[in-house]
Structure formats: structure tokens, C-alpha cells
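The values are calculated or read from the model by the stated rules, or taken from the named source; none is laboratory data. Since the structure is predicted, the reported quantities are computational estimates derived from the model, not experimental observations. Here the Cβ positions follow ideal geometry from the backbone for every residue, glycine too, while neighbour counts run over all protein chains shown. In case anyone asks, the SASA skips ligands and DNA or RNA and just uses the protein heavy atoms, side chains included. Shrake-Rupley method; radii C 1.70, N 1.55, O 1.52, S 1.80 Å.
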Amino acid sequence: MNAPEQPKIQFVDLKAQYAALKASIDARIQAVLDHGQFIMGPEVGELEERLASRAGVKHCVTVASGTEALLIALMALGVKPGDEVITTPFSFVATAEVIVLLGAKPVFVDVQPTTCNIDVALIEPAITARTRAIMPVSLYGQASDMDEINAIADRHGLAVIEDAAQSFGAEYKGRQSCNLSTIGCTSFFPSKPLGCYGDGGAIFTGDDDLARAMKEIRVHGQSKRYVHTRIGVGGRMDTLQCAVVLAKLERFEWEVTQRAKIGRRYAQQLASLAPAVRTLTLPEDRTSVHAQYTVLAADRARLERGLKERGIPTAVHYPVPIHRQPAYRHLEACELPVSERLAEQVISLPMHPDMDEGTQDGIVAAVARAVA
Ligand SMILES: Cc1ncc(COP(=O)(O)O)c(C=O)c1O
């Protein structure tokens, strides 16, 4: 007789999450089907209130995706052709894409090798008369050095947009990600720490004027029905997706705790594998929601191969820094050696709140064997 098949290890386990929340998710979706207000239905405002209150920010504006959140945030700030926005090249491409879409220029500064987040010491020398904003990314689920970034921005009269696509639920000095700067933008892409079942996103700000501008921009710049007072986009989040996020909020606090716990266990258990595998630093003044659990491998190809042979899925976030992408090479990007080195070393291990300790121990043992 064949041995019973081992359950497949999931990189992100959305099926387990759905099984745990099935009754609430189904009921929430059914309620939308019943009332039929698929665009700007009551769940949209309900979610915005819940998220604003959880993040501790006055305004939350839901939008069609994390990318749209960043784009609308820049539009609300009035970023225009010729302006510059300082950001990191070590991110998902959307971070720079929205800047370029507005005719502005992303000015890339390098990242810290220990966190993969923007290196604050390099920001001020990159500021010019054209700089309008700084856009740090809370990569893999933990915030950058936001106090220092805000202080630089204050000195130069700049706005700060936190690209918090991967970090909703994380804390920085007791404050929530998305409540750390002028504007915070998150994503509800299905595999994000708080995800929906399609595309979705949200923008957070304490500024009344910016919030009004964002609400207008997401509906084609409309201030009243068919009165278009500014240039906008079709950027609303569907009622159905808001309903899914509302249902997922029921278990979100538990999930945030689980993610932190699993992240701590990975860090402890992988520590002895250095320098073949090195974990990233999580400073004591912040928490991470570990959208990805990413480590640095001295020989990534070998680790990838070894884990694949043992049935363990991995991913690379991100194999090429943005300034090396074909569409961005013309941006006269300078030397960004840390990002380039990290792009060759980063590898993400399975991470989701439903991972049990036995599965995690098996993954760690497989990592150890793969690099032995
Ligand atoms: C850092 C970062 N910024 C922006 C985005 C864009 O979000 P979305 O996929 O919801 O458009 C993502 C999502 O992948 C991301 O990881």
C-alpha cells in the first residue's frame, strides 16, 4: 500500500483562511447580492470607518487597488510633470510606475542591507528644488525609519507617502502602519496580510483637503454628479470586495499575532544557519506582519533547488531592482549597489497565519539540509 500523501505545503494558504471564515464571508457576499448596490454600496463606507478606526487615522478612502492608491495619493498632492519623488528601487514596480505615469521622476536611493528598506542617510542628499515627496516602502511588512523620514520631509516642506501595500497591521513605535506620515497607501491583493478576493486598496490621511481630493479623484474628479472639478480616474473599490475585507477583519487581530509569532520562530530557528542563510533585522521599536518571510541566501539557486526538491514553494521578491527593469533603465539611475546585491540574494519562504509549528519546523529543517 502507498504511504498516505503528505499535505502540500502552501506558500500562502487562502483556502485555510476561507475555511475558517466561510460563514461570515458567504453571508457578507450574499448580503451584497441581495441589496444589489455593487458600486459604492453600504459596505464601502462601513469598511472605511472600520479601517480608519483601526489605523487611528481620520480618513480612509477605499480604491481599486494598491497601485491606484499610490496614484491617487500623488494626484491629490498635485504631483506633476517635472516633479521628483524620492523612493526605493527595491520594491514592487508599482511604487515607481505611478510616479512615471504622472510625468514625474522617481529618484531612487539605496536601501539598508539589514532590512531592505530605504536608507534614510541617503535621502537628504537626493533632495533637489524639484522634489515634491518621499515615498518609503514598508517592505515585507515592516515600516522604514519613519520618524527620521518625516523629520527630513518637514525640514524641506515635502509630503511623505508610505507605500504600506505589504504592511497593514504592522506597528511602528506604537502607531499603526498607514498612520505614520502625510498619506499611507495599502493593498488588498488576495495574498496581502489583509486581502480581498480580487483587487482593492485603501488610502489613509489625517488631512481633510487631501481626503476630499482623493474621494473626488477616485470617481473621475467628480465633486457632484456630473460635475468634474479635477482630473480623476475610475478608481473605486467594488462593494463585494469591501464585504470580503469586512468579513476578514473578524480574524485579523489573531492573524497579525500569528504572523508575528511565526516570524519570530523563523528568525530564532534560522539564526544558526548564517552566513549561508541570513534573516532580516526587525528593530525593537516596530513589528512586522510578514507579508513575505524573506531571507538572504548566499547561494540562492541552491536553496531554491533544494527546497523545490523537498516540495517547499518559494518566491523571489524581487529578482531585479526597478532601475534595472527595461522600462526604467533610461532614468539615469545611479549606483544602487545594496539593492543590486539584495536582488541576487532574497528568497521568501512560506508564510501565512494558518501555518502550524510542525510544518514550520519541517520547512526550517529543509532549509538547513538544502544549504548543508
Ligand atoms: C510594495 C507594493 N506597492 C504597491 C503594490 C501594488 O498593489 P496592487 O497589487 O494592489 O495594485 C504592491 C502589491 O503587489 C506592493 O507590494
Next on the checklist: Given a 1.4 angstrom probe, I'd like the percentage of the accessible area of the chain that is carbon and sulfur, rounded to a whole number.
Outcome noted: 52
Checklist entry - At a Förster distance of 25 Å, what's the computed FRET efficiency of Leu101 paired with Glu49, Cβ-Cβ distance as r, to 0.05? => result 0.25
Checklist entry - Can you tell which of Gly36, Gly184, Gly45 shows the greatest fluctuation in a Gaussian network model of the chain with Cα springs below 10 Å? => result Gly36
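Which net charge results when you count Lys and Arg as +1 and Asp and Glu as -1 among the other residues whose beta-carbon is under 11 Å from that of Lys261? Could the numbers behind the result be given before it?
Working: positive: Arg259, Arg264, Arg265; negative: Glu255, Glu357.
Result for the local shell: +1.
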Checklist entry - How high is the relative contact order of segment 49-133, in percent, with contacts defined as C-alpha pairs under 8 Å that are six or more residues apart? => result 27
Next on the checklist: Above 22 Å lies some portion of the pair distances; for segment 235-372, what is it as a whole percent of all C-alpha pairs?
Outcome noted: 50
Checklist entry - HN-Hα J couplings of segment 120-128 from phi, Karplus 6.51/-1.76/1.60, θ = phi - 60°, integer Hz, Gly and Pro as x? => result 4, 4, 9, 6, 4, x, 8, 6, 10
Checklist entry - Ignoring ligands, DNA and RNA, what accessible area per residue does segment 1-76 give at 1.4 Å, in Å²? => result 56
Checklist entry - Using +1 on the beta carbon of Lys and Arg, -1 on that of Asp and Glu, and nothing else charged, what's the dipole of segment 1-154 about the Cα centre, debye to 20? => result 300
Checklist entry - Quick one: Kirkwood hydrodynamic radius for segment 312-362, alpha-carbon pairs, angstrom, one decimal? => result 13.3
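Hey, can you find the accessible area per residue of segment 240-312 for me, probe 1.4 Å, expressed in square angstrom?
Details: 3330 Å² over 73 residues.
Each residue of segment 240-312 exposes 46 Å² on average to a 1.4 Å probe.
Scale the Cα Rg of the chain by the rule-of-thumb value 2.2 N^0.38 Å and send over the ratio, two decimals.
Values: Rg = 20.8 Å, N = 372, 2.2 N^0.38 = 20.9 Å.
Output field value: 1.00.
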Checklist entry - What is the distance in Å between the Cα centres of segment 335-352 and segment 33-73? => result 32
Checklist outcome for this item: Mean-square fluctuation maximum in Gaussian network of the chain, Cα pairs under 10 Å, restricted to Glu340, Glu43, Glu357, hits Glu357
Item to check | Interchain or long-range residues, amide H under 5 Å from Arg175's placed H | outcome: none
Checklist entry - Can you pull the three principal axis extents for the Cα set of segment 91-205, in Å, largest first? => result 42, 34, 29
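Ratio of Rg to Rh for segment 1-113, alpha carbon only, Kirkwood?
Values: Rg = 20.7 Å, Rh = 18.3 Å.
A ratio of 1.13.
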Checklist outcome for this item: Note to self, the chain gives a 222 nm [θ] from helices alone (DSSP H runs n ≥ 4, -39500 (n - 2.57) apiece, / all residues, nearest 500) of -12500 deg cm²/dmol
Item to check | Lysine pairs in the chain with Cα atoms under 21 Å, if 8 or more residues apart or on separate chains | outcome: 16
Item to check | Cα-projected label distance for Ser272 with Lys308, points at 7 Å along beta-carbon direction, nm | outcome: 2.9
Checklist outcome for this item: For Ala23 and Thr128, extending 7 Å from Cα along the Cα-Cβ vector and measuring point to point gives, in nm, a value of 6.0
Next on the checklist: Just to be sure I understand: if I project the alpha-carbon convex hull of segment 276-350 onto a plane and average over all orientations, what area do I get in nm²?
Outcome noted: 6.6
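Report the extension gain between Lys173 and Phe38 in nm, rounded to one decimal, defined as 0.36 nm multiplied by the number of residues separating them, less their alpha carbon distance. Write out the running numbers ahead of the final one.
Numbers: separation 135, 0.36 × 135 = 48.60 nm, distance 3.83 nm.
Between Lys173 and Phe38, full extension yields an extra 44.8 nm.
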Item to check | Phi-based couplings in Hz for segment 293-305 (Karplus 6.51, -1.76, 1.60; Gly and Pro marked x) | outcome: 9, 10, 10, 10, 10, 5, 10, 5, 4, 5, 5, 4, 5
Checklist entry - Among Thr294, Pro326, Pro313, which residue has its Cα positioned farthest towards the positive end of the charge dipole of segment 289-330, with +1 placed on the Cβ of Lys and Arg, -1 on the Cβ of Asp and Glu, and the dipole taken about the Cα centre? => result Pro326
Checklist entry - Can you give me the Cα centroid spacing of segment 191-213 and segment 217-272 in angstrom? => result 6
Next on the checklist: At 7 Å along Cα-to-Cβ for each site, give me the label-to-label distance between Val316 and Ala301 in nm.
Outcome noted: 1.0
Next on the checklist: Looking at the chain as a GNM with Cα springs under 10 Å, which of Ala151, Ala243, Ala52 has the largest mean-square fluctuation?
Outcome noted: Ala151
Item to check | In sequence order, calculated HN-Hα J values of segment 196-202 (Karplus, 6.51, -1.76, 1.60; Hz; x Gly/Pro) | outcome: 10, 10, x, 9, x, x, 8
